[in-house]
Amino acid sequence: MRPIVTNLAAVALALVAVGPVLADELPIRNCTWCHGTSAQGLTVAPRLAGQREDYVVHQLQSFAAHKRDDFLAEKYMWSATANLDPDTARNLAAYFSSLTPRAAGDGESELVAEGRAIFENGVPTENIAACQACHGPEGQGVREIPRLGGLSYNYLKQRLEQWNEGHDALAAPMPKVAKSLSPNRIAALASFLSFVGGETAEK
Amino acid sequence: MKTSLWRAALRKSLAVCFAVTAGGALAESRHVRAAGGVPEAKFEYCTTCHGPSAQGFRGYYVMPRLAGQQTLYLENQLHAFLEQRRLNAVMANVAHGITTEMIPGLAERMHALNPPPVGGAPTADVALGREIFTNGLPDQNVPACSACHGPDAKGQREIPRLAGQLYWYMTYTLSIWSKERGQGGRQDISWIMRPTVENLTTKQIQAIAEYVSALK
């Protein structure tokens with residue numbers, strides 16, 4: 001009996017310690033079901049931990065309005081946000097953004113150096129802009145511009161490919177940026193970014 | 001004796017006026033000739049960061065408004081970036097993909113754009129900003145900005161347009177002026193702003209930025 005009580009107490013303490021909002025006040029399980037229990041991402045569902053709050057809010061709005069229209073968005077996120085009210089959306093975004101992100105580290109190590117060069121300097125002779133101008137020197141993002149550092153290789157690759165295919169045309173300037181990137185460069189960028197540490201979750 | 005000295009002086013000043021005007025006309029025609037020469041892809045590359053209508057964009061770094069900017073100012077800045085007389089990490093990289101031949105055409109393209117200001121600045125000190133812009137701060141040895149930048153803040157020749165410039169860019173560039181610009185020495189035209197920026201307090205800079213950022 002005592003071990004069970006101790007375990008329950010430990011779980012309760014953990015839930016209380018999790019953040020400013022108690023886990024059972026917000027329906028975070030509706031999200032962590034796919035995005036991973038610690039919100040660090042799971043298969044195709046990206047990490048939410050440490051993501052920019054304004055960015056998350058915009059994405060939730062974009063899913064609900066069917067503006068973000070890539071295949072997985074339509075399959076999963078359109079229905080996930082169909083009954084999401086704006087207040088809950090904002091609270092969920094605030095909660096996830098407060099979590100410490102962990103780097104996925106699942107890219108191709110041999111491509112990291114090339115990816116870093118593109119991220120930091122772009123390729124000016126081929127009119128490819130430096131990602132860090134908007135996303136920051138550590139890919140940390142700011143305000144409504146997302147944190148890229150530590151997102152999974154496959155997720156980053158997919159997003160760039162989707163814009164290349166013409167999805168989500170309103171996400172300016174990313175569709176134009178993606179069009180300037182070859183598949184090799186996309187793989188390099190995604191590899192580099194997947195390893196970028198995201199230990200601090202500062203806003 | 002006096003009359004002939006007068007006549008000589010008059011002739012000389014007329015010659016100087018003529019030379020300046022002719023030189024100016026030559027410069028104008030150089031700009032016009034090269035205007036069509038910029039590749040579309042290069043212009044698109046600029047707008048990736050500076051905004052689809054070059055209205056500016058506040059990313060992690062602030063990319064200033066280029067739309068409606070004075071062509072001579074833009075050309076001077078691009079030359080300064082190319083020659084590392086103006087130090088900026090992002091633009092230093094961009095410069096690797098820009099040749100001097102592209103510069104007049106890019107400047108003309110940007111000058112021709114006219115989107116509304118991005119806005120979004122605080123507004124608490126707009127009145128102070130207008131006061132400093134219009135009348136300067138005589139006690140602080142700060143001239144009226146309007147004296148050179150124009151009462152409408154649209155600039156002239158090598159003096160930049162400030163109207164509609166991003167608030168965060170104005171506060172940034174005025175606060176790091178001498179660290180970024182004029183690295184080539186005192187003959188650099190940006191040195192003219194040094195005494196003024198050094199005499200402005202942070203709050204005054206913010207006030208001016210609030211005022212001009214809302215101007216169309």
query = Which ones in region B:134-164 are part of a loop (DSSP other than H, G, I, E, B) and either within 20 Å of B:P115 (Cβ to Cβ) or touching a Phe, Trp or Tyr at 6+ places or on another chain (Cβ under 6 Å) (or both)?
reply = B:G150, B:D152, B:A153, B:K154, B:G155, B:E158, B:P160, B:R161, B:L162, B:A163, B:G164
Subset of region B:165-195 that is outside any loop (DSSP other than H, G, I, E, B) and of a type in the set (S, T, N, Q) - its residue that is nearest to B:A121 (Cα to Cα) = B:T171
note = Within region A:78-101, residues being surrounded by 18 or more Cβ atoms within 10 Å (Cβ to Cβ) and more than 24 Å from A:A64 (Cβ to Cβ) number 1
Output for region A:111-124, where each listed residue is buried (at least 22 other Cβ atoms within 10 Å of the Cβ) and at the interface with chain B (Cβ under 8 Å from one of its Cβ atoms) = A:G122
Index of the failed condition, A:S97 passing every other in (1) in contact with a strand residue (DSSP E or B) (Cβ under 8 Å, 6 or more places away or on another chain); (2) farther than 29 Å from B:M91 by Cβ = (1)
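Yes or no, residue by residue, for (1) crowded, with 18+ Cβ neighbours inside 10 Å; (2) in contact with a helix residue (DSSP H, G or I) (Cβ under 6 Å, 6 or more places away or on another chain); (3) at pLDDT below 95:
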| position | (1), (2), (3) |
| --- | --- |
| A:Q132 | yes, yes, no |
| A:R143 | no, yes, no |
| A:W163 | yes, yes, yes |
| A:H167 | yes, no, yes |
| A:A190 | yes, yes, no |
ask   = What residue, among those in region A:125-151 that are aliphatic (A, V, I, L, M) and not in a loop (DSSP other than H, G, I, E, B), is farthest from the other protein chains (Cβ to nearest Cβ)?
value = A:I128
query = Does any residue of region A:147-160 turn out to be over 21 Å from A:A73 (Cβ atoms) and of a type in the set (S, T, Y)?
reply = no
inquiry  = Go through region B:178-199 and report how many residues are within 26 Å of B:G68 (Cβ to Cβ) and surrounded by fewer than 19 Cβ atoms within 10 Å (Cβ to Cβ).
reply    = 9
ask   = Are any residues in region A:68-102 among the charged types (D, E, K, R) and not in a helix (DSSP H, G or I), and if so, which ones?
value = A:R68, A:D69, A:D70, A:D85, A:R102
ask   = Which residues, counting only those in region A:169-183, are away from chain B (no Cβ under 11 Å) and at pLDDT below 90?
value = A:A169, A:L170, A:A171
inquiry  = Looking at B:L128, B:L72 in this structure, which one is assigned to a helix (DSSP H, G or I) and over 18 Å from the mean Cα position of the chain (by Cα)?
reply    = B:L128
query = Assuming B:E198 fulfils every condition listed in (1) closer than 21 Å to B:M63 by Cα; (2) assigned to a helix (DSSP H, G or I) apart from one, which condition is it?
reply = (1)
request  = Return yes or no: is B:L78 more than 14 Å from chain A (Cβ to nearest Cβ) and modelled with pLDDT of 95 or more?
outcome  = no
request  = Residue by residue through region B:95-109, note down the ones that are free of Cβ contacts under 8 Å to residues at least 24 places away in the same chain and within 14 Å of chain A (Cβ to nearest Cβ).
outcome  = B:A95, B:H96, B:T99
ask   = Which residue pairs have Cβ atoms under 9 Å apart, sit 6 or more places apart or on different chains, and have a first residue in region A:160-173 that is assigned to a loop (DSSP other than H, G, I, E, B) and a second that is among the hydroxyl-bearing types (S, T, Y) and modelled with pLDDT of 90 or more?
value = A:D168/A:S62; A:L170/A:S62; A:A171/A:S62; A:P173/B:T47; A:P173/B:T48
ask   = Would region A:70-92 turn up any residue that is under 16 Å from A:L156 (Cβ atoms) and basic (K, R)?
value = no
message = Within region B:145-158, does at least one residue satisfy the condition of being more than 14 Å from chain A (Cβ to nearest Cβ), surrounded by fewer than 18 Cβ atoms within 10 Å (Cβ to Cβ) and under 17 Å from B:V38 (Cα atoms)?
response = no
ask   = Picking from B:A67, B:A54, which residue would you name as being in contact with a Pro (Cβ under 8 Å, 6 or more places away or on another chain), closer than 20 Å to B:A214 by Cα, within 14 Å of chain A (Cβ to nearest Cβ) and modelled with pLDDT of 95 or more?
value = B:A54
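The values are calculated or read from the model by the stated rules, or taken from the named source; none is laboratory data. Small disclaimer: the values here were computed from a predicted structure and weren't measured. Cβ atoms come from the backbone with ideal geometry, glycine included; neighbour counts cover every protein chain shown.
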